[in-house]
1. Which of the residues that make up region A:210-220 are assigned to a loop (DSSP other than H, G, I, E, B), away from chain B (no Cβ under 12 Å) and under 25 Å from B:Ser111 (Cα atoms)?
2. For the list (1) within 18 Å of A:Asn185 (Cβ to Cβ); (2) surrounded by fewer than 22 Cβ atoms within 10 Å (Cβ to Cβ); (3) among the hydrophobic types (A, V, I, L, M, F, W, C), I need the number of the one condition that A:Leu142 fails.
3. Regarding region B:112-125, can at least one residue be identified that is at pLDDT 80 or above and either away from every other protein chain (no Cβ under 11 Å) or in contact with a Phe, Trp or Tyr (Cβ under 6 Å, 6 or more places away or on another chain) (or both)?
4. Criterion first (more than 13 Å from every other protein chain (Cβ to nearest Cβ), over 16 Å from the mean Cα position of the chain (by Cα) and assigned to a strand (DSSP E or B)) does A:Thr174 satisfy it?
5. Look at A:Lys274 and say whether it is surrounded by fewer than 20 Cβ atoms within 10 Å (Cβ to Cβ) and under 16 Å from the mean Cα position of the chain (by Cα).
6. Anything in region A:75-89 that is within 18 Å of A:Thr57 (Cα to Cα) and surrounded by 15 or more Cβ atoms within 10 Å (Cβ to Cβ)? List them, or say none.
7. Do we find that A:Phe139 is within 22 Å of A:Glu261 (Cβ to Cβ) and outside any helix (DSSP H, G or I) in this structure?
8. Identify, by number, the condition in (1) in contact with a Gly (Cβ under 7 Å, 6 or more places away or on another chain); (2) not in a helix (DSSP H, G or I) that A:Leu160 doesn't meet.
Amino acid sequence: MAAGFKTVEPLEYYRRFLKENCRPDGRELGEFRTTTVNIGSITTADGSALVKLGNTTVICGIKAEFAEPPAESTNKGYIVPNVDLSPLCSSRFRPGPPGEEAQAASQFIADVIENSEIIMKEDLCIANGKLAWVLYCDFICLDYDGNILDACTFALLAALKNVQLPKVTINEETGLAEVDLKQTNPLNIRKHPVATSFVIFDETILIVDPTAEEEDLATGTVTIVMDEEGRLCSVHKPGGSGLTAAKLQDCITRAVTRHKEVKKLIDKVIKSIKPK
Amino acid sequence: RWEVCALASYRQMPGPPSLLPPGVFEKNREQLIRKTCEAVILGALHPRTSISIVLQVISDAGAVSFTGSPAGGALQCIMVHGLSPRSGVARQFTVPLPWQEARAVLTFAISSVEQQVLMSTSKGTCSVEELQRCIAAAQRASGAIFQFYRDSVRRKYSKA
């Protein structure tokens, strides 16, 4: 009976739950799904992480390559993010060039990297004007069940923490780069941005960490990215229902507690792989 | 759902090359504009209607490249051509200095209904208090823009 009701009147079905301040999957409105993170999942990448938010699964691999620094700022490297939403993860995506959602997510991640200064691009420079690192951060969604932005941001942070770059010296005689694979250094992660997404139901009710179903039924979304100092790296609200300043403040308060949860989780995972 | 669907197409002026593939920046902007407009147009009054919004940046003197102006411009067009907006959109960006040098740039779309925040994007970092101050400033400034919308629509229809 309930299944039939859900198929015929999905919105009404959700409203019945929201009236009782809970959701069909048993969560409260401000509750995240179980977050799982695995660091170093891809051994051939320079850094990688797999993040699960309930069913949503995103894997991030980071590949480091050499490149000539940009002409306008010779002491900087590059970070190039790319989000891939393949047909593998959901039937809503089709094969072919990236769709709007994937491109918007790539841009969102690029903005987060730029705004939060998670890594100073100067740290990626090897020899001024000659050689710099390019970090290709590729995100592949393996299972799409909503809240892709939070999962991607978390995967990015976890993967960057896992990156080990070999020591590179420039041979003065030949002018060529010499890579010492035995000596590796981690990246200097300066900030820890964490994203928290909300959807707006019926123009008033805020729900944290939406599933794909909730995203489809909702009338608007908000994503707040915050670093450990409580500074906002991004307040991304692409249209949809309006929010009052007070409601937005509630979102920010939830984002602060989410940051603590994520930071605790990532510190624990990093610590658990260190002793090896 | 019998609602209008808005298609946004946004073209940037040629700027410094981006690291992302071409078109990604525009797609992000298009999504912002489309979703803002879809929320704002009274869809039920325009069933089976597709609205194409084509925006071309002609001259960028700083703030144009922020979504605020495109969204505001799009809405102005929509109103003048007789579609019914549910609420108006106004925008404000904090530009203490020429915006390339600013520490943070925040763009908001403010709804005429209860002055709610419809759309928001940010560049750079700011504190929570600064965000709230910017929203308050945007809400204050939106009054002037709504007045401008009213005046321009009144002028257009008084001639007829």
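1. Within region A:210-220, just A:Pro210 meets the criteria.
2. Failed condition: (1).
3. yes
4. Spelling it out, it is not the case that A:Thr174 is more than 13 Å from every other protein chain (Cβ to nearest Cβ), over 16 Å from the mean Cα position of the chain (by Cα) and assigned to a strand (DSSP E or B).
5. For A:Lys274, the condition - surrounded by fewer than 20 Cβ atoms within 10 Å (Cβ to Cβ) and under 16 Å from the mean Cα position of the chain (by Cα) - is not met.
6. Result: A:Pro81, A:Asn82, A:Val83, A:Asp84, A:Leu85, A:Ser86, A:Cys89.
7. yes
8. The number of the failed condition is (2).
The values are calculated or read from the model by the stated rules, or taken from the named source; none is laboratory data. None of the values given here were measured: they were computed from a predicted structure. Positions of Cβ are generated from backbone atoms using ideal geometry, with glycine treated the same way; all protein chains shown enter the neighbour counts.
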